[in-house]
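Visitor: Take this structure, written in structure tokens, and hold onto it; I'll ask about it next.
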Amino acid sequence: MSVIFILIIISMVVAGSFLALFIWANKSGQFDDTVTPSMRMLFEDKKKKQK
């Protein structure tokens with residue numbers, strides 16, 4: 001029975017470390033899209049409706 005408590009604690013530590021790494025990567029700009037804004041001018045605009 002004590003093994004299950006050890007496994008729960010280890011899993012909580014691993015999950016917490018993954019959460020901390022995700023928050024750190026998100027705050028440091030890891031998921032910012034830097035390519036699309038520079039390529040946006042290469043795509044054609046949608047046709048505007050004529051009145």
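The values are calculated or read from the model by the stated rules, or taken from the named source; none is laboratory data. Given the structure is predicted, the values throughout are model-derived calculations rather than measurements. Positions of Cβ are backbone-derived with ideal geometry, glycine not excepted, and every protein chain shown enters the neighbour counts. Only protein heavy atoms, including side chains, enter the accessible area calculation; ligands, DNA and RNA are left aside. Shrake-Rupley method; radii C 1.70, N 1.55, O 1.52, S 1.80 Å.
Visitor: Pairs please, first residue from region 8-33 and touching a residue at least 40 places away in the same chain (Cβ under 8 Å), second anywhere and open to solvent by 90 Å² or more (accessible area, probe 1.4 Å) and in a helix (DSSP H, G or I), Cβ atoms under 8 Å, 6+ apart in sequence or on different chains.
Guide: From residues that are touching a residue at least 40 places away in the same chain (Cβ under 8 Å), there are no pairs.
Visitor: Taking the criterion of being open to solvent by less than 100 Å² (accessible area, probe 1.4 Å), at pLDDT below 80, polar (S, T, N, Q) and part of a helix (DSSP H, G or I), would at least one residue in region 37-51 satisfy it?
Guide: Taking every residue of region 37-51 in turn, at least one turns out to be open to solvent by less than 100 Å² (accessible area, probe 1.4 Å), at pLDDT below 80, polar (S, T, N, Q) and part of a helix (DSSP H, G or I).
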